[in-house]
Each structure stands twice: as structure tokens, then as C-alpha cells.
There are 2 protein chains.
Amino acid sequence: MALKVVALAGGVGGAKLADGLAQAMPARDLTIVVNTGDDFDHLGLRICPDLDTMVYTLAGLADPRRGWGRADETWHFLEELGRLGGPVWFRLGDRDLALHAERTRRLGSGETLSEVTQHFCQILGVEARVLPMSDQPVETKVMTEDGRMPFEEYFVARKWKPVVKGFLFEGVEASSPAPGVLQAIQAADLVVLCPSNPWVSLDPILAVPGIREALHPRPVLGVSPIIGNQAVKGPAAKMFLEMGMEPTAYSAAAHFRDLLQGWVIDNQDGHLEERITELGVQVWVSDILMVDDRDRRRLGAEALRFGAELRSMEGM
Amino acid sequence: MALKVVALAGGVGGAKLADGLAQAMPARDLTIVVNTGDDFDHLGLRICPDLDTMVYTLAGLADPRRGWGRADETWHFLEELGRLGGPVWFRLGDRDLALHAERTRRLGSGETLSEVTQHFCQILGVEARVLPMSDQPVETKVMTEDGRMPFEEYFVARKWKPVVKGFLFEGVEASSPAPGVLQAIQAADLVVLCPSNPWVSLDPILAVPGIREALHPRPVLGVSPIIGNQAVKGPAAKMFLEMGMEPTAYSAAAHFRDLLQGWVIDNQDGHLEERITELGVQVWVSDILMVDDRDRRRLGAEALRFGAELRSMEGM
């Protein structure tokens, strides 16, 4: 019997696990709710970094080394923009640019972000259902010792160097989940928190009114975005430290303790199992670093097996 | 003694002669006033086809075969845009796109079109002074048997097939010449009407309040955009026919009769010399088809010699 699964995800790690899930189960039974707090306007284009990474990854178009953007990309636009004195801090490839231009055009003609995303998924052959967390704009602001700044400025332009003091999801109170998000969660047999940054990828999704509440009755498991004392990619570990916590798989589990039934950690973090269990969270220990496509599929399958165990333990 | 020259120009032919003039005289003494009636918004970008053709041509970046756009161009953006269901009727190359994006960004931050154009010329090493006819938007509309349409729709999307009935330069009454245009004309020893479409490239410039008046005391010569019964490129000949006139170098001269002292026609149109002279316009007969760079330079030099003759005939 196929489980209906909802995955919550942000950037590169989240996209990899979502892709693993989509390969390990019937993709049509998988709904992926994606962070849109990083979305921003740049050169007149509406750019949705996490949605794009997700769609490119599921479509098999993502660059396997960089994680973001497209494989088989060229950079003539950006080269020329630099020559003309334009802003090149956000790296826009020639092919990638078309996605932003067409999204901007469709949004301008009245389509919602959900509709545009669905259109892209259809054209690019993505079978899993990809939903933005909300069709309304929510802007993640990072409070740092250098002041408050939009996420992409912090992340790309400032290379996540500023010391963080907190996070703000502007507009989130007035936002609502995109059509289908709550229904998918309510119908889900399992919810998976992908290995995405807890502070700036998953928290924005959980802050959209109604989503956290809808999760509570579901079995929820997560895969740690921290291995050892490091994030596989990006500032998650640095953020835990700067927020006054040890950067470990334990801290990441504790961050979501009120939601979690299960937490997947890496073999090298096996010593944290007991502490995490004390949070009331079941632990699955495995190799969670996703280097290649096979890793994704294996970890996706393990997450599904763990989910089935959690469900049987709870008698669901 | 170097003449100060102002050239009025539109598309590809105009850019070629302007380039010839810039090579045949000290480029810093040449001011080129460019049609902006074709400018339009597309995919959120402000696109100025004639200014771009001029700047690319003078910078040595223009594609020598197509005439528009850049040599050494790639088309990955457009390929992908087509795949995503976006509009591909207007051909945007990857490098070319950077110019539009950076112009749009600068206009959005408050710069004028003149300032943006000057910036591009400086960066791309264009020595002649390139001015838009106006910093205010003027929109050329083509009245056709299929209704009224913006120029780029008529020209690119509809491939200049609709039968024209007239032309409208929306916004032109409220526009004013860009800074420096009137001063350059008033200081000019010679004004050259480049071989551009009379109806949709030169007429819009002449319709900007103040420009036609400023030209009257100057010696003005033009180079015919028609050779035999054909335009070298584009719909000029077809337009003359549809407006009820024979498509000849004579008709084009007659179109500007109130402004012209001299008119340069092709060898194969030598039989029209007498009729044109009867308009009160001196004629220079030469080979006016500009195939290569040498042709441009030669024709530019001939135009300057003809201008000097006209000045001495009028005792200037």
C-alpha cells in the first residue's frame, strides 16, 4: 500500500531528499511544500531560489556540483552584465534566466505562484506535486550584528558572514498556505522534514498560519541537516552557534521537538541517539550524506521505512 | 577644418552610415540622434531597438549578417523560454539581454535614457555622441488594414505584412528633445539624414517638438534608403507603395523636400537625378549599398564631401 507523503523543504539538501523520496515511492503520492521566504525581485525578475532548486532537481536539470542553478549552463548574460556595470552578485545563468523571466511574465498577467510552478513542473516532466508554502509574498529577514537584511543579501551578497541574532518572516501573519497545502498535509500518512536549514528554510514554512497546526496530528519525521558539527552546505551550523546552541543533530531535533516523532541522524552522530530519544523522538541512524543519486534514493527509502515503523508503533 | 555633424538615424542602414561617418571624421565631432519610437517593454525589460543597433554597430559588436543584435551571440535564454511556453517572437540573445536588463535597472533607479545610453557608449568605447531623440517615451503606432498596432508587433511579430494606412507617434507632442539634441543641431555645420525608413525611423525624430524647426537653417543632406524600387532592408518601399507613392529614391527625397539641400542616390537611380533636382535638391550619385566596412567609410566620406560642396554653394 502506497503512503501519501508530504515533504517540507528549502534549498539543496531538501531538494535532494525530496528527489530521493520521489524515486523511492510513486511520485504522484508525494507533495513537496517549498519555502518561499527567500524569494526576491532582482533586475525586474521574480526569483524563487528554493522552488527553482526543487524543480530543477526533480526534473534532473540541476547542476550536480553547485547544487543551485542548471547543469549545462552558460553565463554570457552575466559576463556582459558585469561589463556594463550591472549587479552580478546573484549568479543568473542564461538558461536559468528564462525561468525567472517567464515566471515574472505569468505572475504579471495574473497567475498565482502555485499556478506558475505547476506549469513549469508539467513542462519539465516533474511528477511529484510541488507547492509553494504560500502564494502571498513572505520575506525572510536576517537580524544580524550588521543590521537587518533580506535573506539573499545575507546569504549570497554577504556570504553568510554577518553574525545572526534572529529571524523575521515579514508578511507571514497575513499569508495563507497555498491551495492544496493543508489538504495534502491532512491527507498525508507521513510528513517528512527534509534536511534543510531549520531557521531559514523550514521555520518560514511552519510560520505560515495553519501549517504547524495541521502537522500536529500527523506522524512527522525529519532528517538532520547537521552531521557532526557541520551543515552539509550553508549556514545552519553557524546559525545554531550564533543563536547560542551547539551545532549538532541533537539541537536540530530539539528545534522541532514539538512536531517530531522521528529523527534521522548520521552514523557519526550515533552517540546523540540517547539524548534525542529523551526528547520523546525516535531515532534512525544511517549514512545521511547524499553524494550521488543512489544516496538520495536509499535515504528516501529509509525515511519511508522509518515512517512506516513510526506509524505501526503509534498504531496508525 | 573639421565639420561638426549631426546624423539622424533609425535602424540598421542608419547605423551603418553613422559608423561610416564616425570613421571618416573625428568621431567626437559627430552627434547621432536616434529614433526611440520603436522602444517597448517586453518581459519587464525596456528595449530600445534602434539605440541598441546604433551602439552595437559603433562599438563593433553588431552581428554583420543579421544587422540587429550582437555578433558572437548565444541563444540559450530564448531556447529555454520557448520550452517554458514564453513569448519568443522578439529574439533576445544571451549577451544582448544584459544590455536591456541593465538599462531597465538604471531607468528604474532614476537615470534618464540619455544618461544610460551615454554610460553604455563610454563602457563599450563608442566615441561619437549617441543621443536618443527624447528621454520621454514616444510610441510609434502603425495604422494598418488589420488595425492599429505598436511598431514592434507590426515589424517583428507580424513581419510587416499588414497593409499600412498611416502612422502615429503617440506621446510625441508632449515629448521634448533629449538634452543636447537642439544644441548639437544648432552648432552643426551639416545634418545628415541617414538611410533609415522615412516613415518610422526619421519621421518620429522630426516630430519631436523643436527638432524640425532647428534643422531649417542648417544644410541638410540625406542618403536614400531606397535603391531601384526596393529598400535595402525592411518595409520602407512597401510602405511608400501602400501610402500611394512609387517606391523610389525620388519619393524618399520628396518626403523630406522641405528640409533637404542634398540627396545621395545610387548609380542605378541616376535617371531620377533631374526629377529630384526639380524639387530644389542637389543630387550626388554613387554606389550607396553598404555591404562591408569599406563601403560605410567611403559613403561616409562622400557624404561629408557633398556636405562641404553644399555649404560652399550656399556660401556658408
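Bear in mind these aren't lab numbers, they're just calculated from the coordinates by the rules spelled out. Quick caveat: nothing in here was measured; it's all calculated off a predicted structure. Note that we place each Cβ from the backbone using ideal geometry, even for glycine, and neighbour counts take in every protein chain shown.
Some observations on this one:
- Shielding by partners - mean other protein chain Cβ count within 10 Å, residues of A:193-203: 0
- Taking the C-alpha atoms only, the angle from helix A:113-124 to the longest principal axis of chain A is near 90 degrees.
- Amide proton proximity set for residue A:46, modelled H, under 5 Å, gap of 5+: A:104
- Ranked list, fewest to most other Cβ atoms within 10 Å of each Cβ, for A:194, B:121: B:121, A:194
- Of the cross-linked pairs A:159/A:233; A:159/A:238; A:16/A:141; B:165/B:238; B:16/B:165; B:159/B:233, those separated by over 20 Å at the C-alpha level are A:16/A:141; B:16/B:165.
- Shown here for segment B:278-314: GluC sites (Glu not before Pro) in loop regions (DSSP other than H, G, I, E, B) with at most 10 other Cβ atoms within 10 Å, namely B:278, B:314.
- Neighbour cut-off at most 11 other Cβ (10 Å), DSSP loop, GluC sites (Glu not before Pro), segment B:47-149: B:145
- Folded to 0 to 90 degrees: helix B:94-108 orientation relative to chain B principal axis, Cα: 90
- Cα Rg, Dmax, the protein assembly as shown, angstrom units: 31.6, 106
- Per-copy distances of the residue A:159 label point, shortest first, in nm (7 angstrom along Cα→Cβ): 5.2
- Residue B:60 label point (Cα plus 7 Å toward Cβ) to equivalent points in the other copies: 4.6 nm, shortest first.
- Angle between chain B longest axis and helix B:12-24 axis [Cα atoms, degrees, rounded to 10]: 60
- A cut-off under 9 angstrom between Cβ atoms defines the neighbours of residue A:128, and their net charge, with Lys, Arg +1 and Asp, Glu -1, is -1.
- Listed values for segment B:220-229 are Karplus-derived 3J(HN,Hα) couplings in whole Hz (6.51 cos²θ - 1.76 cosθ + 1.60, θ = phi - 60°), namely 10, 10, x, 10, 4, x, 10, 10, x, 10, and x replaces Gly and Pro.
- Rounded FRET efficiency, nearest 0.05, which uses the C-beta distance separating residue A:173 from residue A:241 and R0 of 30 Å: 0.55
- Each DSSP beta bridge with both residues in the protein assembly as shown is either parallel or antiparallel, and the antiparallel ones are about 40%.
- Segment B:135-164 and segment B:237-316 have Cα centres spaced 27 Å apart.
- Likely footprinting exposure, B:201, A:251, fewest C-beta neighbours within 10 Å first: A:251, B:201
- Debye log10 I(q)/I(0) for segment B:136-237, one point scatterer per Cα, at q = 0.10, 0.14, 0.20, 0.24 Å⁻¹: -0.33, -0.63, -1.09, -1.27
- Within the listed set A:189, A:203, A:146, the residue fluctuating most in the Gaussian network model of chain A (springs between alpha-carbon atoms under 10 angstrom) is A:146.
- Low-density loop positions, trypsin sites (Lys or Arg not before Pro), segment A:1-71 - DSSP coil, at most 10 other Cβ in 10 Å: A:65
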